[in-house]
Amino acid sequence: MLRISRAPIDPGSFAEASDDGAGASVTFLGTVRAHGDDGRAVAGLAYEAYEPMAVAEFERIAAEARERFGARQVAIVHRVGDVAVGDIAVAVVATAEHRAAAFDACRYAIDEVKRRAPIWKCERYADGKAAWKANSLG
C-alpha cells in the first residue's frame, strides 16, 4: 500500500502489510498537533502533493528500506487536503523478521518521505492566518 489519500487514514487498514514471515511490525502515525513549530495555535493543516511523483517516490523509498534493512513489507500513505488537529496526516508501516530491522526500515521510510516526497504543508492558524512550511525531519 503506497498511496496518497484524500480520505482519513485508518490504521486498521494496514493489516495487509503484515505476513507470516514477519516477526515484527512497526507503525508510525504522524498526527496534526495543535501548535506549529513556532508555537502558534494551529487550527489544522492543508496538504498538497504532486501525486504521481509522490507515489513513485514512495515506491523507491519502500524498495530502499527493503534492500537496506531487510524489511519484508513497507506501506506508506499520506493525506492531502484539509487535515484537522488530531487526525493522521501520514502513516508508515514496516515489517521484518526481527524488530530492529522493522524499526530501522520504518524510521528510514518516514524520514525519506519528509525529505524527498513532493508534498507541501500549509499550517492554518487559529487566528485565521496561514503559512506554507517546508518539509523537515523534526
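Determine the pairs where a residue that is closer than 28 Å to residue 121 by Cα, located within segment 51-77, has a partner that is of a type in the set (Ser, Thr, Tyr) and surrounded by 14 or more Cβ atoms within 10 Å (Cβ to Cβ) with Cβ atoms under 7 Å apart, the partner being 6 or more residues away or on another chain.
65/108; 73/18; 73/95; 77/5
Which of the following residues is touching a helix residue (DSSP H, G or I) at 6+ places or on another chain (Cβ under 7 Å), within 17 Å of residue 109 (Cβ to Cβ) and part of a loop (DSSP other than H, G, I, E, B): 71, 22? Even if it seems obvious, please write down each step before you answer.
Working: 22 fails: touching a helix residue (DSSP H, G or I) at 6+ places or on another chain (Cβ under 7 Å).
That would be 71, the only listed residue that is touching a helix residue (DSSP H, G or I) at 6+ places or on another chain (Cβ under 7 Å), within 17 Å of residue 109 (Cβ to Cβ) and part of a loop (DSSP other than H, G, I, E, B).
Return the only residue of 64, 112 being assigned to a helix (DSSP H, G or I) and buried (at least 20 other Cβ atoms within 10 Å of the Cβ). Walk me through how you get there before you give the answer.
On the way: 64 fails: buried (at least 20 other Cβ atoms within 10 Å of the Cβ).
From the options 64, 112, the qualifying one is 112.
With the requirement that a residue be under 12 Å from the mean Cα position of the chain (by Cα), at pLDDT 95 or above and not in a helix (DSSP H, G or I), what does segment 115-138 give you?
Within segment 115-138, 117, 119 qualify.
The values are calculated or read from the model by the stated rules, or taken from the named source; none is laboratory data. Note that the coordinates shown come from a computational prediction; the quantities given were computed from them, not determined experimentally. Neighbour counts are summed over all protein chains in view; Cβ atoms, including those assigned to glycine, are modelled from backbone coordinates with ideal geometry.
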